[in-house]
Number of protein chains: 6
Amino acid sequence: MPYVNIKITREGASREQKAELIKGVTDLLVKVLDKNPASTFVVIDEVELEDWGIGGLPVEEYRTQNKR
Amino acid sequence: MPYVNIKITREGASREQKAELIKGVTDLLVKVLDKNPASTFVVIDEVELEDWGIGGLPVEEYRTQNKR
Amino acid sequence: MPYVNIKITREGASREQKAELIKGVTDLLVKVLDKNPASTFVVIDEVELEDWGIGGLPVEEYRTQNKR
Amino acid sequence: MPYVNIKITREGASREQKAELIKGVTDLLVKVLDKNPASTFVVIDEVELEDWGIGGLPVEEYRTQNKR
Amino acid sequence: MPYVNIKITREGASREQKAELIKGVTDLLVKVLDKNPASTFVVIDEVELEDWGIGGLPVEEYRTQNKR
Amino acid sequence: MPYVNIKITREGASREQKAELIKGVTDLLVKVLDKNPASTFVVIDEVELEDWGIGGLPVEEYRTQNKR
């Protein structure tokens, strides 16, 4: 029954890495809460960098500012 | 006031089918809970197959595995 | 595979009405997109009135203002 | 700690306007709830017009109908 | 048309503070994107502290650890 | 930067189990995508059984039906 939504910035996550996230999260829910994998959904949303803000800034500006 | 979010895998849902989903969900909320259609939002998210996991696998692999 | 999230204000929706929403949305997805009911999730979130805003106001104030 | 998700129809919001939304929402949470900007996420989702329904219709049809 | 979801930890936000968030976010969307307040939803979710994780820890533990 | 939302049915998940989910998901994102734990949010939503539907039925009825 679990539904897991993973939002990450779009920065080149590969098909294999996404599959690894899907497997890892599902295995975790089986181990911790004994959930049924066949009714466990994992949905990954990739978000453009300009659409993600932290510290009041779009991510890229935040990272640039925090490198100084 | 209702806000309904429908997440489906991106597998060719047409403009007409989406309009049918929007109408159907709104009519249902009017019938069951007497909601006002003018303040009922329905948002459809289409998710790439590699971004949707079930059974610990990306959907396409899960379907292949379950065909055997 | 669909995941549907229905957010409504907490205003006394009964167990039966929620079951009707779950059935209605699932039937709609079967009819329109030929989805498998056994892998269709519907999750209902009831939101307190003070936590839902429209027109820049909490719902109850909005309704009072729009009755005048 | 806040996580804010802003869903808008895809109608040409510029990079600068999105940055303004990110800054405005973050400043608001600092002012009202004294939240830490460095752990405040703002994620903007732009939704295609055909994927957003109101009044039982896709947005464009709803707007056309309500102009008459 | 915007739908804004604000998730915050449940730490005593008052009715007035929530109304201020609703008004502030709506005004921001009017100012930046010229959105119609009457079709702008703002939904606030308060999350229990044990249900919010950062740095791999529930918030309270994270805060304790980061005070040292 | 990741934001992960885990929705589960409210069936007695303990504080420790939730902490285990938070740690496990965060460790997974560090391992697979080299994400920074300090800017990784995990939010757990527990959903009442009557508010979660599968197979067109509320969960409890679905489980009863599938035991026969």
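Structure values in brief
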{"item": "One residue from C:Tyr62, C:Tyr3 being among the aromatic types (Phe, Trp, Tyr) and more than 26 Å from F:Thr9 (Cα to Cα)", "result": "C:Tyr62"}
{"item": "Residue check for A:Val32: of a type in the set (A, V, I, L, M), at pLDDT 95 or above and under 18 Å from F:Phe41 (Cα atoms)", "result": "no"}
{"item": "Selection count where residues are in contact with a Lys or Arg (Cβ under 9 Å, 6 or more places away or on another chain), in a helix (DSSP H, G or I) and open to solvent by less than 10 Å² (accessible area, probe 1.4 Å), scope the stretch C:15-63", "result": "2"}
{"item": "Count - residues of the stretch E:19-44 that are under 8 Å from E:Pro2 (Cβ atoms) and either in contact (Cβ under 8 Å) with a residue 60 or more places away in the chain or aliphatic (A, V, I, L, M) (or both)", "result": "2"}
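Matching residues to (1) of a type in the set (D, E, K, R); (2) more than 9 Å from chain F (Cβ to nearest Cβ):
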{"residue": "C:Val4", "(1), (2)": "no, no"}
{"residue": "C:Gly12", "(1), (2)": "no, yes"}
{"residue": "C:Glu16", "(1), (2)": "yes, yes"}
{"residue": "C:Lys23", "(1), (2)": "yes, no"}
{"residue": "C:Val32", "(1), (2)": "no, yes"}
{"residue": "C:Val43", "(1), (2)": "no, no"}
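The values are calculated or read from the model by the stated rules, or taken from the named source; none is laboratory data. The structure displayed is predicted, hence computed values, not measured ones. Glycine gets a Cβ as well: all are built from the backbone with ideal geometry, and neighbour counts include every protein chain shown. Ligands, DNA and RNA are stripped out before the accessible areas are found, and what is left, the full protein with its side chains, is counted by its heavy atoms. Shrake-Rupley method; radii C 1.70, N 1.55, O 1.52, S 1.80 Å.
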